[in-house]
Amino acid sequence: MIKRLTQWIDDRLGASSFAKQALNKVFPDHWSFLLGELALYCFLILVLTGVFLSFFFDPSVSESVYRGEYEPLNGVHVSNAYKSVLDLSFEVRAGLVMRQMHHWAALIFIAAMFVHMLRIFFTGAFRRPREINWLIGLTLLILGLLNGFSGYSLPDDLLSGTGLRIAYSVVLSIPVIGTWMAFLVFGGEFPAEQIIERLFVVHIFIVPVAIAGLMTAHLAIVWRQKHTQFPGPGRTEGNVVGEKLWPTYMTKSMALFFGVSAVVAILGGLVQINPVWLYGPFRAEQIPSPAQPDWYLGWLEGALRLFPPWEIRAFGFELPNPFYPAILLPGITFNLLYLWPFLEAKLTGDREPHHLLERARDHPVRTALGIAGLAFYLVLFAAASNDLLSKWLKIPVESITNAYRVLLLVFPPVAGLITYRLMDALRRTGAEGLMHLPLSALTRRTQE
Amino acid sequence: MRRAVFGYLLVSVLLAGCAYFGDQTAPYRAPGVVEVDTVTDGKTLYMRDCAWCHGNEGQGTENGPSLTTGTNGPAMTDFVLSTGRMPINHPDQRVQRHASIYTPRDIEAIIDYMETFEAPGPDIPSVDPARGDIGEGAELYQDNCAACHASTGIGGALSVGGSPEQATAVAPPLNSSTPQEVAEAMLVGPGTMPVFGPETFTEHEVNSILAYVEYLRDPNNRGGLPMGRIGPWSEGAAAWILGLGPLMLLIVWIGRKV
């Protein structure tokens, strides 16, 4: 029966030769090559749980009196968006576990994409001919950030409303066109009535479709260009040494999907995330504290907290303060990242196609720059919780902010220099790893 | 962090010691005597523990502020003594919550004695959170308290704007405060906290806020581990350590050559 069915399909589509070719395709072995797949499965879980949530979520900000299971808010005026999230959390069967899985999967999704990008960067996998996939991957990361933020804002609770207020101020700070932009995006003065509905369309339709499309292209290009591999015995620029898609990689991939599902389900079931009922409904006159964004926007929040209160007036226009940390900084960050493959090719003069990966030590300058950059964003990220640190250490928040400002300027170059020395020593001695590095290699600088 | 913990333990031990000896040195009371001259008892305690900094008549010294001005009065005294904020061993010591070294009767005695200072501050309020409306309390709490004490009542850092005497101010967590203490703090505005007196809230509103604060001590933790109710900070840490961490181990395991 199955045989006849497959024969019937094959006669019409001629799929068997393609399937055979596909299933026999060889992928190289390395654990880090599964990072992207990890992100892919997080996305799949996000789509599945997100569809469930969209059945119950109501993106409307019109208000009604809450009468539901959550006793402390009984009789309080809340938006329908907030109310539907309370209902999802307290009344819809499996609603809360779906909500929590969705949120956990989102946090892990972006973490996995980020680590995947680091792997690509430090192994030089973005070099010719893979620049296009670097651009697509980076766009996927930005779309992930965008969808994280838009989803985080949908429940219309006090914490996320505060995030939206920051976003509104950031848009306002764009010189000349800021005011118009803010009104265009939000549909009026904050807290604008339309923003939740618009974010809903962005969150469940526009961005996910873009992500799905770009992910397909991302994978198709990997397929077409073949996966990179680390140098090793028998591995050359012209071959791929590894295992076939069927059965090895299909099995590994399935296992990974089940693993991601398990971790997300365990977290979703056992660890509370975003208890919006405690934050309360959004009110324009209220502000919560401590107020951190989800982790992936921590660097922007930290930049806003660290940037000195400078404002410049020129030609009758004001350059408002949030412009530098929240528009200029991410603008420079993402442009640098987009341009990196081309900048590096220009600086090194290496325009040859590469299919063998580099180790971090093979390119000490790139590794050092990468670590310095990471250190910079790590300090910004840490600064996003300066108030919590102040509370825990009982040190005034102003002193902590100043310490972070100094650290932001000092830590990246120091980290970069140390990395350069270590990578250079590794390259010269050929030691297996940092732990095997002889001390003498660190004290001598000159090339032997 | 370790130093902070050590310091905290040290202070706790010292205070426990104080509490122990405090009880030891309490004046002898003949059994069966019902009428106790609390004013005399209070004076003894006041002279022993308070007068050193605040002066014999509460007039204040260079070591401590006057107790006869501002919102000082029975509510303030009850608040600082029952939350263990006073006494401190040294004028520079941080004023923060500790186990009180006094019995309720001692505190009553000290307050009775201090009545003779005729301080203008409010009397000890009588509260009954059960008569409040928790929904109203939630809204009032978010409006007036959450900006400093956090939506979840865990407390938070305060921005002090360069004022040196407030440089170490934090809004304390509310999860170990009794409704009585919260009501007293609202009346007198200790430290950097503003006064939320009868001009601001009616008795019913105060009771509503107290009901919500009491609820926040053990709120609905549907969804699982609350992780300190710090919000996205602990969620981000968990996403990396409990989420991506095990998944990285998994890919290291299944990514091995077969």
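The values are calculated or read from the model by the stated rules, or taken from the named source; none is laboratory data. Since the structure is predicted, the reported quantities are computational estimates derived from the model, not experimental observations. Virtual Cβ from ideal backbone geometry, glycine too; neighbours counted across all protein chains shown. All accessible areas refer to the heavy atoms of the entire protein, side chains included, with ligands and DNA or RNA removed. Shrake-Rupley method; radii C 1.70, N 1.55, O 1.52, S 1.80 Å.
Restricting attention to segment A:144-181, which residues are without any contact (Cβ under 8 Å) to a residue 60 or more places away in the chain and part of a loop (DSSP other than H, G, I, E, B)?
The answer is A:177, and nothing else.
Quick one: is residue A:288 crowded, with 21+ Cβ neighbours inside 10 Å, at pLDDT 90 or above, outside any helix (DSSP H, G or I) and of a type outside the set (Ser, Thr, Tyr)? Can you show your working first?
On the way: crowded, with 21+ Cβ neighbours inside 10 Å: yes; at pLDDT 90 or above: no; outside any helix (DSSP H, G or I): yes; of a type outside the set (Ser, Thr, Tyr): yes.
It is false that residue A:288 is crowded, with 21+ Cβ neighbours inside 10 Å, at pLDDT 90 or above, outside any helix (DSSP H, G or I) and of a type outside the set (Ser, Thr, Tyr).
Which condition does residue A:54 not pass, out of (1) within 14 Å of chain B (Cβ to nearest Cβ); (2) modelled with pLDDT of 95 or more, if it passes all the others?
Unmet condition: (1).
Listed here are the residues, each with its yes/no results for (1) more than 20 Å from residue A:251 (Cβ to Cβ); (2) in contact (Cβ under 8 Å) with a residue 40 or more places away in the chain.
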site	(1), (2)
A:5	yes, no
A:11	yes, no
A:14	yes, no
A:17	yes, no
A:21	no, no
A:26	no, yes
A:35	no, yes
A:38	no, yes
A:41	no, yes
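Across segment A:380-436, what is the total count of residues that are among the acidic types (Asp, Glu) and within 30 Å of the chain's Cα centre (by Cα)?
Result for segment A:380-436: 2.
Which condition number does residue A:109 fail, the rest of (1) under 17 Å from residue B:248 (Cα atoms); (2) touching a strand residue (DSSP E or B) at 6+ places or on another chain (Cβ under 8 Å); (3) open to solvent by less than 20 Å² (accessible area, probe 1.4 Å) being met?
(2)
Of a type in the set (S, T, N, Q), touching a His at 6+ places or on another chain (Cβ under 6 Å), open to solvent by less than 30 Å² (accessible area, probe 1.4 Å) and within 10 Å of chain B (Cβ to nearest Cβ) - does that describe any residue in segment A:272-279?
Yes: one or more hits.
I need the full set of residues from segment A:4-24 which are open to solvent by 100 Å² or more (accessible area, probe 1.4 Å) and among the hydroxyl-bearing types (Ser, Thr, Tyr), in order please.
none
Take segment A:59-69 and flag every residue that is surrounded by fewer than 17 Cβ atoms within 10 Å (Cβ to Cβ) and more than 12 Å from residue A:92 (Cβ to Cβ).
Step one: list which residues in segment A:59-69 are surrounded by fewer than 17 Cβ atoms within 10 Å (Cβ to Cβ), which gives A:62-65, A:67-69.
Once the filter is applied, which keeps residues that are surrounded by fewer than 17 Cβ atoms within 10 Å (Cβ to Cβ) and more than 12 Å from residue A:92 (Cβ to Cβ), segment A:59-69 yields A:62, A:63, A:64, A:65, A:67.
Conditions tested, residue by residue: (1) surrounded by fewer than 15 Cβ atoms within 10 Å (Cβ to Cβ); (2) out of contact with any helix residue (DSSP H, G or I) (no Cβ under 9 Å at 6 or more places or on another chain); (3) not in a helix (DSSP H, G or I).
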position: A:390; (1), (2), (3): no, no, no
position: A:400; (1), (2), (3): no, no, no
position: A:407; (1), (2), (3): no, no, no
position: A:411; (1), (2), (3): no, no, no
position: A:414; (1), (2), (3): yes, no, no
position: A:419; (1), (2), (3): no, no, no
position: A:422; (1), (2), (3): no, no, no
position: A:431; (1), (2), (3): no, no, yes
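Looking at A:23, A:86, A:44, A:13, which is the one that is closer than 25 Å to residue B:247 by Cβ and among the hydrophobic types (A, V, I, L, M, F, W, C)?
A:44
When you check residue A:199 against the structure, is it farther than 22 Å from residue A:32 by Cβ, of a type outside the set (Lys, Arg) and under 27 Å from the mean Cα position of the chain (by Cα), yes or no?
Here the answer is yes, as residue A:199 does meet what is asked.
Of (1) free of Cβ contacts under 8 Å to residues at least 12 places away in the same chain; (2) not assigned by TED's automatic domain parsing to the domain that holds residue B:180, residue B:228 satisfies all except one. Which?
(1)
Just to check your reading of the model, which residue among A:68, A:95 is more than 9 Å from every other protein chain (Cβ to nearest Cβ) and within 30 Å of the chain's Cα centre (by Cα)? Lay out the reasoning, then the answer.
On the way: A:68 fails: within 30 Å of the chain's Cα centre (by Cα).
Exactly one residue qualifies, and that residue is A:95.
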